[in-house]
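Every number here is computed from the coordinates shown, using simple stated rules; none is lab data. Remember, it's a predicted structure, so these values are computed and weren't measured experimentally. Ideal geometry is used to build each Cβ from the backbone, glycine not excepted, and the neighbour counts take in all protein chains shown.
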Amino acid sequence: MSKTVFAVLHFLSPETTIRAVDLVLSLPLSNSDEVRVVIADNHSPDGSGPLLKDHYRSDSRVDVLLLKENMGFARGNNEAFRWIRDKYDPDYLVFLNNDVLIDQSDFLETLDRIYQHEPFDVLGPDIRCPDGTHQNPAHLKGFTKKELVLRKRRNQLRNRIFPVAFLLDRIRGLYRRAEAALLKKDSLPKRSVPPAAQDAVLHGACMVFSARFCRARKYAFHPGTFLYFEEEILWLECHTGGFRMCYDPSLSVTHLNDVSSDTYWQSLYRKEKYKNEQIGHSLDIMLDLYDRSGVSDHQ
């Protein structure tokens, strides 16, 4: 028997979350499989958390947690992680952004087959985007400390001259789109599915945690972050803590990309400025973890 719990972090866009959850609930099950879904509403300002709780009130397979504040990606998922670990003790805990669709009919069977063949602590599937690109693995190698220091300096410089940096980014974006149109780049074949990889940095839109990881850890993602770089920090904690991270493309999902974020951050300028600030904070956390772990660098 295999017990799989899907944790869906919800923030705005209730119709997107319902679509994602209903796809999970429609997955074929063997007689011994059990599937549950836990929706963690990150205190959505549109009041959609209680709406989802009411929508699923008659479905015993779905729990809806109403968080008392917007806790961001890491702490919001950690609330779900602790609640699921203590109540269900799952064999697999699958974290999903609410805009990730499980459209692989044999997802559960494939997940179990991967684990039986190569036991993992954290697994990343092939994450496909509507434009045909693939988001996993996010990086084949984690950042070295030297690279993080350089990124921190660039982040600080970007903060100081943000209005200029933002304008330059927009100009570069316009130029690239114009060049792609002239060269008809959008008609070229998309990047093929990357091959399986070990010890790679995994994309946070969908991650699977094994029972061993859940029982050994107090949290899934470092609680000091709000948004951005959670995946890189998790890679470092797994790398130094003896947890096995794997990417396997035989498991796949579709990522609609930034539905909730784009709904909330209607101003691109404010979104990019906030993102830059949060990245700087997350870089500080990762540099501190490097220092405390005693790992001077990694190649």
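Listed peptides 76-85, 273-282, 26-35 appear in the order 76-85, 273-282, 26-35 once ranked by packing, highest mean of other Cβ atoms within 10 Å at the front. Remark on segment 1-139: ratio of C-alpha radius of gyration to 2.2 N^0.38 Å is 1.04. Compute the helix-to-body angle for 230-241: its Cα long axis versus the longest principal axis of the chain, expressed 0 to 90° and rounded to tens. Long axis of 230-241 versus the principal axis of the chain: about 70 degrees. If R0 is 30 Å, the Cβ-Cβ spacing of ARG82 and ARG113 corresponds to a FRET efficiency of close to 0.60. Computed from Cα positions, the angle between helix 72-88 and the longest principal axis of the chain comes to roughly 20 degrees.
With Rh defined as the Kirkwood radius, the inverse of the mean 1/r over Cα pairs, the Rg/Rh of the chain is 0.96. Net charge dipole, the chain: roughly 1220 debye, given to the nearest 20, about the Cα centre with Cβ charges of +1 for Lys and Arg and -1 for Asp and Glu.
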